[in-house]
Amino acid sequence: MDTIVILDFGSQYTRLIARRIRELQVYCEIWPYHLQGRRLDLPEIKGIILSGSPFSVIDKNAPSLPPQVLASNKPVLGICYGMQLLISSLGGKVVKAQGREYGKAKLTITERGGIFQNLGGEMVCWMSHGDSVKELPDSLLGVARTEDCEYAAVRDQEGKIWGIQFHPEVSHTPFGKEILANFVFGICGSRPEWTPESIIQQQIQWIRNEIKGEKVICALSGGVDSVTAAVLTYRAIGDQLTCIFVNNGLLRKGEPEKVLHNMEKLLGKDRVIYADAQERFLAELKGVLDPEEKRKIIGRVFIEVFEEEAQKLGQATFLLQGTTYPDVIESVSVSGPSARIKTHHNVGGLPEHMNLRVIEPLRFLFKDEVRKLAGQLKVPEDIVWRQPFPGPGLAVRIIGEVTEERLEVLRELDFIINQELKRSPIYKKLWQSFGVLVPVRSVGVMGDERTYRYVGVLRAVMSEDGMTADWSRISYDTLDTIARRVVNEVPGIGRMVYDITSKPPATIEWE
Ligand code: XMP
């Protein structure tokens, strides 16, 4: 399949470039800038994009341009740092600018065509750079400028190597998508082959080749990733797949029943094993207050239960996982793996003696692509649009000890919150919305009596990927309805508060 490679020099926007290219239905991958042994001269690679970077090309330890980029003779587009890197590698001069140019700027295109094909002579673009180009190498010429930046876009004689100082991938550059399309289609000659249907066909073929006649097991959480991975794999190999769904007792109201019902419809009656381990998890969590300790226990018990169930099935060869692209690329960015503030519980840590090979058919897909695929595979809407739910479930939404009584209270709180939010148009814009239980007794009055009940928290945030988040501006009316209903209908809660902290400095979850 025609592929564009994005070399990542550590910019916060690298993933956004990838998403924009894929929105054009062209497959692309993000690679570390130093290639790590990968080859750029493969015939399916139609072009190379060099990302921006937190570095300056003048820095001593700045990431350099691998010689394979120009040696490959493929079309290249350098964005921001990528352009400066091209210019300094080809013999031009980049210097520290007087001040940082940041924000919207008016771009004047002095030579139409190429990446500016079918675009007007002027447009708004988004700038964010501290260095600027002082001298172009002989092989390059300027094709656009802004007031502060003489060389805002450059190209080589052949029209194969391009550089732009601004960021076409952000929405503040209104014609950014057209510029990327001109590069990807006009200059690289890529074909728009990356469609849900083609991905499904390709992955089914790939799964069959990998698995052959072997057995596969899968830990099903009920979220869109694990369900889509399971349905895709089921389409490829049918009954060679068995899914194990562990009920850890930390799920939301009605969730276990819903997952089982949906999966039966998608995979047939006997492809899912239900392991009801609620009591076991609760017993292990008894008296535990520390959040990290809770996470560790839940991770360990999950693995124990999963392994016991898997053993009953006889030896499988593969473990199916719904890993997606953000998990894969996180570790190759130039700024290093982003700091893990909490230990995220993942089934990746199965014991070695289980001797399973991991298969990850979604490892090259972004979340929105997984959702499109799921839609095509007839996965029900409420799974397709299900909000992310943490592995340790409600345990990290009860401050302190987890007990059956507190879980019951939290389930009702969470249910009312989401029932009300689903009536509001804001719901579809939310990354996550849920209840948190603060089991301290706060005073209230009901009738003539004083009450001492728990505090319920509403948490609702908007986010692109969970790395940063903003609290959502829910209408006062909706907030009011939620507070009234919770205090009236959930025995145990006497006061509702709304968490209006963004991430950072807070995290999305309360523990
Ligand atoms: P935080 O709370 O770190 O959450 O801002 C970011 C995203 O990660 C989810 N999250 C977890 N997911 N195991 C998971 O599988 C965990 O231990 C865990 N902790 C947080 C959280 O729901 C949010 O989407």
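Where both partners of a DSSP beta bridge lie in region 200-312, what percent of those bridges are antiparallel, to the nearest 5?
Details: 0 of 9 bridges.
Rounded to the nearest five, the antiparallel share is 0 percent.
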- Can you give the alpha-carbon Rg of region 7-46 over 2.2 N^0.38 Å, where N counts its residues? 1.22
- Item | Relative contact order for the chain, counting Cα pairs under 8 Å that sit 6 or more residues apart, in percent | 11 percent
- Too-long pairs where the Cα-Cα distance tops 29 Å, listed order kept, from Lys212/Lys265; Lys212/Lys312; Lys177/Lys265; Lys96/Lys429; Lys74/Lys104: Lys177/Lys265; Lys96/Lys429; Lys74/Lys104
- Message: Please report the antiparallel percentage of DSSP beta bridges with both residues in region 397-508, rounded to the nearest 5.
- Response: 70 percent
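Heavy atoms only, probe 1.4 Å: what % of the accessible area of the chain goes to carbon and sulfur, would you let me know?
Details: 11760 of 23620 Å².
Carbon and sulfur atoms account for 50 percent of the accessible area of the chain.
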- Pull up the cross-link candidates among the lysines for Lys428, meaning alpha carbon to alpha carbon under 17 Å and not fewer than 8 places away within one chain. Lys367, Lys372
- Message: Nearest 10 degrees is fine. How inclined is helix 14-23 to the longest principal axis of the chain, computing both from alpha carbons?
- Response: 90 degrees
- Query: Ranked highest first by average number of other Cβ atoms within 10 Å, how do 201-212, 24-35, 252-263 line up?
  - Reply: 24-35, 252-263, 201-212
- Per residue, what accessible area does the chain have, given a 1.4 Å probe and all protein chains present, in Å²? 46 Å²
- Note on the structure: Given backbone amide H placed at 1.01 Å from N, residues whose amide H is under 5 Å from that of Arg495, ignoring those fewer than 5 places away on the same chain, are Gly456
- Note on the structure: Yeah, region 446-485 with a ≥ b ≥ c from its alpha-carbon gyration tensor (a/c under 1.5 is rounded, else prolate when a/b outruns b/c, oblate otherwise) is oblate
- Query: Tilt of helix 367-376 relative to the longest C-alpha principal axis of the chain, in degrees (0 to 90, nearest 10)?
  - Reply: 70 degrees
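If packing is taken as the average number of other Cβ atoms within 10 Å across a peptide's residues, how do 90-99, 172-181 rank, most packed first? All intermediate terms of the calculation are to be shown ahead of the outcome.
Working: 90-99: 13.8, 172-181: 19.6.
Top of the packing list down: 172-181, 90-99.
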- Task: Please determine, in degrees from 0 to 90 and to the nearest 10, the orientation of helix 404-422 with respect to the longest principal axis defined by the Cα atoms of the chain, where the helix direction is its Cα long axis.
- Result: 50 degrees
- For Lys258, counting only lysines whose alpha-carbon sits under 20 Å away and dropping same-chain residues fewer than eight positions off, the answer is Lys269, Lys378, Lys422
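The values are calculated or read from the model by the stated rules, or taken from the named source; none is laboratory data. Computed from a predicted model, the values in this text were never measured in an experiment. All Cβ positions, even for glycine, are placed from backbone atoms using ideal geometry, and neighbour counts span all protein chains on display. Heavy atoms of the whole protein, side chains included, go into the accessibility calculation; ligands, DNA and RNA do not. Shrake-Rupley method; radii C 1.70, N 1.55, O 1.52, S 1.80 Å.
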